[in-house]
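Okay, so here's the structure we're looking at.
The values are calculated or read from the model by the stated rules, or taken from the named source; none is laboratory data. This is a predicted model, so every value here is computed, not measured. With ideal geometry, Cβ positions are generated from the backbone for all residues, glycine too; neighbour counts draw on all protein chains shown. Heavy atoms of the whole protein, side chains included, go into the accessibility calculation; ligands, DNA and RNA do not. Shrake-Rupley method; radii C 1.70, N 1.55, O 1.52, S 1.80 Å.
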Amino acid sequence: MASVEEKHHSDSLAYMELALHQAKLALEALEVPVGCVILEDGKVKASGRNRTNETRNATRHAEMEAIDVLLEQWKKDGLSPSEVAEKFSKCVLYVTCEPCIMCASALSFLGIKEVYYGCGNDKFGGCGSILSLHLGSSPPSSNTEETPERKGFRSTGGIMASEAVSLFRTFYEQGNPNAPKPHRPVLQQDKR
C-alpha cells in the first residue's frame, strides 16, 4: 500500500503533467511556454497558459488566465467576496515555472493556499528566486487608506523542472517571432 507521501508525490506529478500540457499549448501558439492548473479540494477547477502575444496584453500570464476562469465561474455561481476569499484559501496551484513577481503578488493577495512549480525563475521569480512574496506581509499600520493584506502561501519548486526547462529551450531555440528585434532567426515550423 502506498504511503500518504508517495500518493501526494504521484498526484503532484499528475497535476504537473496537466500544467505541462498547457505549457505545450502555449509553445504551439508561439507563446513563452508556461502553463498551470488550479485545484480545489483535489479537483482541477481551472487551467491557463501564457497568452501575452495572442492578447497583446503583458499581464496575461498562465496564472492570471486560470485565476480569471475561477473568478468568472464563482461570479456566475453568485459567490460573495468573502466566499471567493474562502474558496481561494483552499486552492492549490501547479505551474511549470516559478510565478513571476506580478503573479506571486496576485496569488498572495488572493490568499491561495499553496503553489507547486517546475523550474525556478532567475529573472522575475516571486517565490524566492528574486523576491519572496509567498512569505506574505502586513500592510503598514500608518497607512490611512485600506491596503489589502498580502497573505503568505506555501511554495515548493523543482517538480518536473527538467521538462519545463526543455520547453523553454525549445521556445528560445526556435526564436520569438513576436520580439521587436529577434536575437536569432526564427525557424520555420513544418505545418503538416
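Couple of notes before you dig in:
- Taking the numbered list (1) modelled with pLDDT under 95; (2) of a type outside the set (S, T, N, Q); (3) part of a loop (DSSP other than H, G, I, E, B) in turn, Tyr172 passes all entries but (3).
- Identity of the residue in segment 39-74, over 19 Å from Ser108 (Cβ atoms) and small (Gly, Ala, Ser), that ends up farthest from the chain's Cα centre (by Cα): Gly42
- Considering residues of segment 75-113 that are among the aromatic types (Phe, Trp, Tyr) and open to solvent by less than 30 Å² (accessible area, probe 1.4 Å) only, the residue farthest from the chain's Cα centre (by Cα): Phe88
- Inclusion of Ala164 among residues that are at pLDDT 60 or above and surrounded by fewer than 16 Cβ atoms within 10 Å (Cβ to Cβ) is not warranted.
- Pair list, Cβ < 7 Å and 6+ apart or interchain, from segment 130-157 residues that are within 14 Å of Leu110 (Cβ to Cβ) to residues that are modelled with pLDDT under 65 and not in a strand (DSSP E or B): Glu149/Ser138; Glu149/Pro139
- Output for segment 38-74, where each listed residue is of a type in the set (Asp, Glu) and either within 15 Å of Ala26 (Cβ to Cβ) or crowded, with 19+ Cβ neighbours inside 10 Å (or both): Glu54, Glu63, Glu65
- Among the numbered conditions (1) in contact with a Cys (Cβ under 9 Å, 6 or more places away or on another chain); (2) loosely packed, with under 15 Cβ neighbours inside 10 Å; (3) in contact (Cβ under 8 Å) with a residue 24 or more places away in the chain, the only one that Gln22 does not meet is (2).
- The residues of segment 50-68 that are in contact with a His (Cβ under 9 Å, 6 or more places away or on another chain) and either touching a residue at least 24 places away in the same chain (Cβ under 8 Å) or of a type in the set (D, E, K, R) (or both), listed by number, are Asn50, Arg51.
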